[in-house]
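**Student:** Have a look at the structure that comes next, please.
What follows is calculated from the coordinates using simple rules that are stated; it is not laboratory data. Keep in mind it's a predicted model, so treat the numbers as computed, not measured. Neighbour counts are summed over all protein chains in view; Cβ atoms, including those assigned to glycine, are modelled from backbone coordinates with ideal geometry.
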Amino acid sequence: MEKSQITENADGTMRSLSNRNVQMIAIGGTIGTGLFLGSGTTISKTGPSILLVYLVLGIFFFLMMRAIGEMLYSDPSQHTFVAFITRYLGPTVGHFTGWTYWLGLSFCAMAEITAISTYIQFWFPNIPSWIIQLVFLGTLASVNLIAAKVFGEAEFWFALIKIIAILALIATGAFMMISHSTTPLGHASIQNIFHNFALFPHGSLGFISAFPMVFFAFQGIEFVSITIGEAETPHRIIKKAVNETLLKILIFYFGALIVIMGIIPWTHLTAASSPFVQVFKLAGFPAAAAIINFVVLTSASSSLNSFIFSAGRHLYQLAQENPENSWMHQHVAKISKNGVPAAAIILSALFLLITPLMSLTSATASVFTIVAGSSNDMYIIVYALAMMAHRKYRESTDFLPDGFKMPWYSITSPLTIAFFAIIFITLFFIPQDIIGAVGAIAWTVVFGGITYLHQRSVVTANAEQ
């Protein structure tokens, strides 16, 4: 699209993202290293019943996206769904959610930067981690500073590589199962999925622990909502992206998991190695490890690209919500000539410089693990607040009776909120997640209290003027 044809928003951002950009951003943001590297762990915990876990999580994420999509359809000018939390639950909750979500994005981005350096060192073990991290952070931050369209195109190709890898796995696996190929583990067949089937092969706790793992695998699907403010035809794209993206993701996940378990009996799968590498090696591709390493490298780069994009928009939103005479509002709530929140992107990228600094010492590794775990768990609270904001939207004058409505709202809305609460409770039954869950509660109490006192002082100061 020519620049002259691109619509400019009132705040100076450009509506330059096409439907294919938005679709790929949503798919790319959700299908990550969790599938390529972590699926062996989830399958080993639950066996074939992992498909049921993905289905249940998929349904509730779809309902959440329909709630967010309904609010965006009523006002597609917003750059982030957190804006609706501010509007319908108040500035205190919105401020708390915005900073919480921004920090969560930042810690996720730090994890991806760390992963990128590991993947590069697969080929170049002598290059220091901090150099790799600086190069990738600088490159992808620059991509985000150029224009939203450039970010969208980069994300399109990143996501396409992942999708090609998954389709190649599905095609290879389907051929092996149809031809009943013989492997060192037996015959490739769909029957392997049902052989020795048990709903709870490692007990009910193993099954329950798979839910948070798959929950975090779906984390990032809301990125589609962050692109709507810069999408070419927002109303059409909202409907198409929300309705189709989750279906495509479920197809990719289901297809990959069925093929993996059809070729490798699920009792042989462990967390030790990537199921993708195992399948391609059994199919006779000795370079499988290098190929999948390239795929997960692009996957981590894709996630980092999306995290920088999203973090920049959220920091921009937070700056806008600050008083006009504040430093944040005057210096960060700015849109560059390229139509991007450049100051917010740069500040977000500078915060991520903590990662290469941490790579110089191992002393902060355990602290980072705890903080990152807590921020991941905070996503559950953020999603629940988005659902509560949607309920307030339904009661407001903004509600569009003929809009893009959440299906069976009176039943599905409270069910979705209850489900997120259950997911959070399950964290306390999983030893490795307890610290993160407690950290998330502590963050909510402490930072929530600080936010409340800050907002109260702002209101008092405005009243005295």
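**Student:** Under the rule of at least 5 residues apart or a separate chain, name every residue whose amide H is placed under 5 Å from the amide H of ALA231.
**Tutor:** Under 5 Å from the amide H of ALA231 lie the amide H atoms of LEU17, each far enough along the sequence or on another chain.
**Student:** What is the set of long-range amide H partners of MET14 at a cut-off below 5 Å, with H atoms built 1.01 Å from backbone N?
**Tutor:** ASN9
**Student:** Now for a separate question. Go through LEU103, TYR54, SER189 and say which Cα lies farthest out towards the positive end of the charge dipole of the chain; charges sit on Cβ, +1 for Lys and Arg, -1 for Asp and Glu.
**Tutor:** So the residue furthest toward the plus end is SER189.
**Student:** What are the ³J(HN,Hα) couplings of segment 209-218, residue after residue, when phi is run through the Karplus curve with 6.51, -1.76, 1.60 and θ = phi - 60°? Round to Hz, x for glycine and proline.
**Tutor:** Here the 3J(HN,Hα) series is 5, 6, 5, x, 5, 6, 4, 6, 5, 7 Hz.
**Student:** So which lysines can LYS405 reach, going by Cα to Cα under 16 Å and dropping same-chain residues fewer than 8 places off?
**Tutor:** Excluding near neighbours in sequence, the set is LYS239, LYS240, LYS392.
**Student:** Sticking with this one: From the backbone phi of segment 139-146, what are the Karplus-calculated ³J(HN,Hα) couplings (6.51 cos²θ - 1.76 cosθ + 1.60, θ = phi - 60°) in whole Hz, Gly and Pro given as x?
**Tutor:** 3J(HN,Hα) across segment 139-146, in whole Hz: 5, 6, 5, 5, 4, 6, 7, 5.
**Student:** I want the local charge near PRO407. Using Cβ-Cβ distances under 11 Å, sum +1 for each Lys or Arg and -1 for each Asp or Glu among the other residues.
**Tutor:** Every neighbour counted, the sum reads +1.
**Student:** Which semi-axes, in whole Å and largest first, does the equivalent ellipsoid of the chain have when worked out from the alpha carbon gyration tensor as the square roots of 5 times its eigenvalues?
**Tutor:** 37, 25, 23
**Student:** Taking amide H positions as placed in the peptide plane 1.01 Å from N, state which residues far from THR183 in sequence (5 or more) or on other chains have amide H under 5 Å from it.
**Tutor:** ALA188
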